[in-house]
1. Can we say LEU33 is in contact with a Pro (Cβ under 8 Å, 6 or more places away or on another chain) and aliphatic (A, V, I, L, M)?
2. So, of the residues in the stretch 448-493 that are at pLDDT below 90 and not in a helix (DSSP H, G or I), which turns out to be surrounded by the fewest Cβ atoms within 10 Å (Cβ to Cβ)?
3. Please note which strands (runs of 3 or more DSSP E) are completely contained in the stretch 1-120 and include at least 1 residues that are in contact (Cβ under 8 Å) with a residue 40 or more places away in the chain and within 24 Å of LYS319 (Cα to Cα).
4. Given the conditions (1) farther than 23 Å from ILE225 by Cα; (2) not in a helix (DSSP H, G or I), report the number of the one that SER166 does not fulfil.
5. Just a yes or no: is a residue in the stretch 23-44 touching a His at 6+ places or on another chain (Cβ under 9 Å) and under 30 Å from ALA286 (Cα atoms)?
6. With the checklist (1) in contact with a Pro (Cβ under 8 Å, 6 or more places away or on another chain); (2) under 30 Å from TYR424 (Cα atoms); (3) in a helix (DSSP H, G or I); (4) in the same structural domain as SER148 (by TED's automatic domain parsing) in hand, flag the one item PHE355 doesn't pass.
7. Hey, among the residues in the stretch 400-417 that are surrounded by fewer than 17 Cβ atoms within 10 Å (Cβ to Cβ) and without any contact (Cβ under 8 Å) to a residue 24 or more places away in the chain, which one's farthest from the chain's Cα centre (by Cα)?
8. Restricting to the stretch 347-363, name every residue that is surrounded by fewer than 21 Cβ atoms within 10 Å (Cβ to Cβ), farther than 13 Å from LYS126 by Cβ and not aliphatic (A, V, I, L, M).
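The values are calculated or read from the model by the stated rules, or taken from the named source; none is laboratory data. All figures in this text were calculated on a predicted structure; none of them were measured in a lab. FYI the Cβ positions are ideal-geometry reconstructions off the backbone, even for glycines, and counts take in every protein chain you see.
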Amino acid sequence: MIIYNFKTTSLDIFTDELNLRTVHYAQTEDKLLISNSVSAFVKYSQKDFSTINTKAILEYALFDFVLTDETFIKNVHTIPPAVQLKYLDNQVEISQYWDIFNTFKNSKPELPKEAAYKKINQLLKKNLDAYLSEPEKTAFALTGGYDSRTNLALLNGKHSSGYYYSYGVKGSYDIKFAQKVARKLKLNFHPIILDNRFADNFPENALTAINVGDGMVEMSRANYIHAFKNLAVDFDYILTGLFGSELIKRPTSLGGYIDKNIQSLLFSDNIDETYREIIEKALDTACINTELLKVYEKDILNDLKSNPYINNRYPDAKKYFFYMVGWGMRKYFMKEIKAERLFVENLHPYMDIEFIELLLKTPFPWIYNWGRKKNLLDNLKIHKFYAQLMQMNNKKLTNIPTTHAYKPKYLLNKMYLPLLIAQYAFLRRKIKKVGIFNNTELMHKFYTQRKNELDEYNILFHNDKITAEFPHGIKEFNKLISLQIWMKENKLRLA
């Protein structure tokens, strides 16, 4: 929200509690510049914003996120979540109006299961109604997983004539199971196949993803561009269930929310010692310039220690929760939403403070079922949350397998456990074998066509080392090469 006071000539900017759609700012001699896009400061400002913020680049390479409100461009900052930024007389003052730690630090399960299901069911239905103000302009995600199917159950017949979609390679189970659901409920379902046309358009779509992503969206998101470019012809919005499951099931996999180095720091009793181990490994791997890393080593450590999501004394479960909701989620959505918003607006009814507050009063979140290691039986118990919501609203949806390799209804009665085990053993390998898509070779070809353009950034990165590990080190390849292409596209230079 932006408010301009004509009497005092002051400008106030308010960010919401989760700050998923980030806003950035910079000051000139007599102006405050604000934008959702970091690239906009480079391309459209009269002031020169073309200098790389080396420390921010190194932090991103190490942790998949910048640890402060700095960005990849010097003198451009991100407005933090839940603050009021006041601009008056060429001065910026930032004050916080909401604090995630104070809000959730004493959270505990208060509601019995039956009452909890009822209240969550009511709130999510209310959220869906609020988000779907223009259903005729909305495409509904329908994958083989739990979130989108739970949304469908909660809609309970509403908007059944709407446009439902999923995307993946031909034969993927995200499409197969979605097709089964669509046939069962007579939905208007349209799979978006990542076929030869996707491969042919990969370079163009990969570059689009990188350009709109402010350096944080990787070339691998070309599949998003391919899908949403098609949807945008007829629709302005997409409805997804993003992040719902990450609040319910144990976050034992890293996914897009948390980097392995951040995870090590969250579990550490000694930040200095863990940080030294991270630096030693980075120096040994040498994907980034080791001399530069040594120059900024102390400054990065100071940023780590001043980051309240990483350096605090909360128990493991709450520490992890605060990071996921207050920091990791925003990081993930910066990648997700920036790749989508060029074409469609993402509606996500689970990402709502009221929902999170209610959920923490129930026994369902992983914060009350904490464990660092994967445990299939515990995850089955957590998935029961979704199965129960389906059962309450549309029983048909519990009788079709998900990409977790079993029917949701098998979670609702212990007598079904042998059937669940048998189905899981039969389907799991088949689902994993097909996957959703594989663009590894397309990514490498895209890089090969542009690699000579990136030579000027060899002072920051060792691209020979990055590519030598391909495809084993595909995550680092994807992240660091995409960042360099974005820097090149924006003609950024080293200080």
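1. Numbers: in contact with a Pro (Cβ under 8 Å, 6 or more places away or on another chain): no; aliphatic (A, V, I, L, M): yes.
Here the answer is no, as LEU33 does not meet what is asked.
2. Filtering first and then ranking leaves HIS472.
3. Working: elements: 2-5, 10-14, 24-27, 32-35, 83-88, 91-96.
Qualifying strands (runs of 3 or more DSSP E): 83-88.
4. Here SER166 clears every test but (1).
5. Among the residues of the stretch 23-44, at least one is touching a His at 6+ places or on another chain (Cβ under 9 Å) and under 30 Å from ALA286 (Cα atoms), which makes the answer yes.
6. (2)
7. Just the residues of the stretch 400-417 that are surrounded by fewer than 17 Cβ atoms within 10 Å (Cβ to Cβ), to begin with: 412-417.
Narrowing the set further to residues that are without any contact (Cβ under 8 Å) to a residue 24 or more places away in the chain leaves 413-417.
On the way: ASN413: 33, LYS414: 34, MET415: 37, TYR416: 34, LEU417: 33 Å.
Here the residue is MET415.
8. GLU357, LYS361, THR362, PRO363
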